[in-house]
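This report refers to the structure that appears directly beneath it.
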Amino acid sequence: MRERLFSIISKYGLKANSDLGQNFLIVPDIIERNVERAELDEKDVVLEVGPGLGVLTDALSRSAGKVYAIEKDRRLVEILRREYDWPNVEIIEGDALRVEFPEFNKIVSNLPYQISSPITFRFLRYEFEKAVLIYQLEFAQRMVAKPGDRNYSRLSLMVQAKAYAELVERIGRGAFWPRPKVDSAVVVLEPKPRGERIELDENLVRALFQHRRSTVLAALRKSHHMLGLDREGFKRVRKSLSDMPHAEKRVFQLTPVEVKDIEEFLVAEGILD
Ligand SMILES: C[S@@+](CC[C@H](N)C(=O)[O-])C[C@H]1O[C@@H](n2cnc3c(N)ncnc32)[C@H](O)[C@@H]1O
């Protein structure tokens, strides 16, 4: 696999494009472990974002019924089409943040790190069973951080409102060509059952997490403009806010359910729509 990759690189005189997050996996074991984690069989339809030079795609095509691989770099799309003859892989040329997704039930990708956040939230708007994803380590740690943790952030809250997220493996820089400046990690995402998923008002979450170490009451005071309130407006509602659930809790300790309690209170008080 490694030999094949480097022979393609030298055949086409390729230089990795760092603007597109091109760091190609060169360790077969990591690829195999991720394919195993996805528990694929011929009924599975896999979405891969950023097939690159096809090393992961090749392993996926051997285990899944169908693979859709979305690649933005036209030059790589041409190489993939020329170098491989997969019967069950469809390469889609385009930006994974914009192209229409085909139907799929699993996702396996070594993601371009520049789009980690928007692509993860895009995934979470779809129905799927499981995603096995490689992210920058620091991003992965924030995704899985629990309320009260040092890394617990808006990202942790928004991801965990919709899905179970587990960091299952750290990956060192030497596993990629070219070597990235940061370590990476594998995260397994499983959407929660529909009834347990929580839709949160993104604007409220943003307003709260601008001041993650403050109490909820203090954070909303400091971010009142984000709720559409001017100073006078905030003064008028300040008294009722002290009855708000979790008012004295620190923002970085809030669970998604608690943020929903706050949102419902603000809606009932006419402060949020
Ligand atoms: C980290 S590399 C992974 C390559 C390959 N899967 C591997 O593991 O060796 C990320 C890939 O995503 C592609 N890419 C970057 N931005 C993209 C986007 N917005 N939509 C689709 N592909 C993108 C890059 O061209 C690159 O091939």
Subject >> Simple spin-label estimate for Arg81 and Glu166 in nanometres, 7 Å along Cα-Cβ >> reply: 4.0
Original post:
If you average 1/r over every pair of different alpha-carbon atoms in the range 202-268 and take one over that average, what Kirkwood value in Å do you get?
Top reply: 11.6
Original post:
In nm, to one decimal, how far is the modelled label at Asp29 from the one at Phe121, with both set 7 Å along Cα→Cβ?
Top reply: 3.7
**OP:** Report, to the nearest whole %, how much of the accessible area of the chain belongs to carbon and sulfur atoms, 1.4 Å probe, protein only.
**Re:** 45
**OP:** Please give the contour-minus-distance gain from Lys181 to Asp243: 0.36 nm per residue of separation, less the Cα-Cα distance, rounded to one decimal in nm.
**Re:** 17.6 nm
Original post:
Build a GNM of the chain with springs between Cα atoms under 10 Å: which of Leu220, Leu40, Leu14 gets the top mean-square fluctuation?
Top reply: Leu14
Original post:
What Kirkwood radius, in Å to one decimal, follows from the Cα pairs of the range 12-142?
Top reply: 14.8
Original post:
Not counting the cut sites, what is the longest span of the chain without GluC sites (Glu not before Pro) that DSSP labels loop and that have at most 10 other Cβ atoms within 10 Å?
Top reply: 128-198
Original post:
Can you list the trypsin sites (Lys or Arg not before Pro) in the range 56-124 that are in a DSSP coil and have 14 or fewer other beta carbons within 10 angstrom?
Top reply: Arg98
Original post:
Using the heavy atoms of the protein chains alone and a 1.4 angstrom probe, what is the accessible area of the chain per residue in square angstrom?
Top reply: 50
Original post:
Full extension from Glu42 to Glu103: what is 0.36 nm times the residue separation minus their Cα-Cα distance, to one decimal in nm?
Top reply: 20.5 nm
Subject >> Theoretical ellipticity at 222 nm over the chain - DSSP helices of four or more residues, -39500 (n - 2.57) apiece, nearest 500 >> reply: -10500 deg cm²/dmol
**OP:** Please label the shape of the chain as rounded, prolate or oblate, based on the square roots a ≥ b ≥ c of the eigenvalues of the alpha-carbon gyration tensor (a/c under 1.5 means rounded; beyond that, a/b larger than b/c means prolate, else oblate).
**Re:** prolate
Original post:
Straight-line reach from Lys192: which lysines have a Cα under 23 Å away, not including same-chain ones fewer than 8 places off?
Top reply: Lys43, Lys106, Lys130, Lys146, Lys162, Lys260
Original post:
How far apart, in nm, are two points set 7 Å out from the Cα along the Cα-to-Cβ line at Arg4 and at Arg213?
Top reply: 5.1
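The values are calculated or read from the model by the stated rules, or taken from the named source; none is laboratory data. Because the structure is a prediction, the values reported are computed rather than measured. Because the Cβ atoms are built from the backbone with ideal geometry, glycine has one as well, and the counts that use them run over all protein chains shown. For accessibility, only protein heavy atoms count, side chains too; no ligands or nucleic acids. Shrake-Rupley method; radii C 1.70, N 1.55, O 1.52, S 1.80 Å.
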